[in-house]
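Chemist: Here it is, the structure in full.
The values are calculated or read from the model by the stated rules, or taken from the named source; none is laboratory data. The structure displayed is predicted, hence computed values, not measured ones. With ideal geometry, Cβ positions are generated from the backbone for all residues, glycine too; neighbour counts draw on all protein chains shown.
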């Protein structure tokens, strides 16, 4: 985690997808020095990493998870942004997240229409869910206390199955070049064919979900994080496991 925090503090570019808005979850009794980055932090943080670094954090599902899919459309006033070059509408089976705390400095590129089914031809849901549509992709320029600037791109799309849509892949490629200040090298239509076939189990958690207890170098208990099975950790410290639980020891 220290390496991650050091990178964020360096004000180098950030590109974030889907669950990055709530990447960290620490238990209430956690004594980790990184607890402040957790998405469970309340006002005024609202999930410090997601809110402070990406523009917003996760609160709930806006679309009905696994029932209502997403169709992303351009924000008209920003349709000429370099990141949208060659990008059409994007459909993904993952639902729309509620985005309600974006700062005024955020530049919304796409908004998500909540669809009434799990296919691209489904009709938009009538009512408040699409009135107005919420942001699903945006950029920000953030400035450090010393005056250094970094570019941030975030999209709440990006579940594995979403990447079957080539326009999402193109959006991410374009965003990578933009974040590195290489937007002049974004082609009219970036080549984003798969190197090998994408095989995904979807975005559902497995039926077996375990808890991983985390410890500091002195053996002090920091808290636990949700884990899927199978799972494998290998950091700078020691990893132990047995048939009933998995333990993570790291710095």
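Chemist: Give the range 141-160 a look and list any residue that's within 17 Å of residue 173 (Cα to Cα) and touching a residue at least 60 places away in the same chain (Cβ under 8 Å), or say none.
Modeler: Of everything in the range 141-160, those that are within 17 Å of residue 173 (Cα to Cα) and touching a residue at least 60 places away in the same chain (Cβ under 8 Å) turn out to be 151, 152, 153, 154, 155, 156, 157, 158, 159.
Chemist: Of the residues 112, 92, which single one is within 18 Å of the chain's Cα centre (by Cα), assigned by TED's automatic domain parsing to the domain that holds residue 48 and farther than 19 Å from residue 56 by Cα?
Modeler: 92
Chemist: So, one more: Sort through 47, 63, 55 and tell me the only one that's buried (at least 18 other Cβ atoms within 10 Å of the Cβ), farther than 19 Å from residue 163 by Cβ, in contact with a strand residue (DSSP E or B) (Cβ under 6 Å, 6 or more places away or on another chain) and at pLDDT below 75.
Modeler: Only one candidate passes the filter, namely 55.
Chemist: Next question, about the same structure. Among the residues of the range 118-160, which ones are assigned to a strand (DSSP E or B) and over 15 Å from the mean Cα position of the chain (by Cα)?
Modeler: Taking the range 118-160 first, the residues assigned to a strand (DSSP E or B) are 124, 134-143, 149-155.
Answer for the range 118-160, where residues must be assigned to a strand (DSSP E or B) and over 15 Å from the mean Cα position of the chain (by Cα): 124, 134, 141, 142, 143, 149, 150, 151.
Chemist: Tell me, yes or no, whether the range 208-230 has at least one residue that is assigned to a loop (DSSP other than H, G, I, E, B), at pLDDT 90 or above and surrounded by 14 or more Cβ atoms within 10 Å (Cβ to Cβ).
Modeler: The answer is no, given that none of the residues of the range 208-230 is assigned to a loop (DSSP other than H, G, I, E, B), at pLDDT 90 or above and surrounded by 14 or more Cβ atoms within 10 Å (Cβ to Cβ).
Chemist: Restricted to the range 6-21, and to residues that are at pLDDT below 85 and under 11 Å from residue 53 (Cα atoms), which residue is surrounded by the fewest Cβ atoms within 10 Å (Cβ to Cβ)?
Modeler: 9
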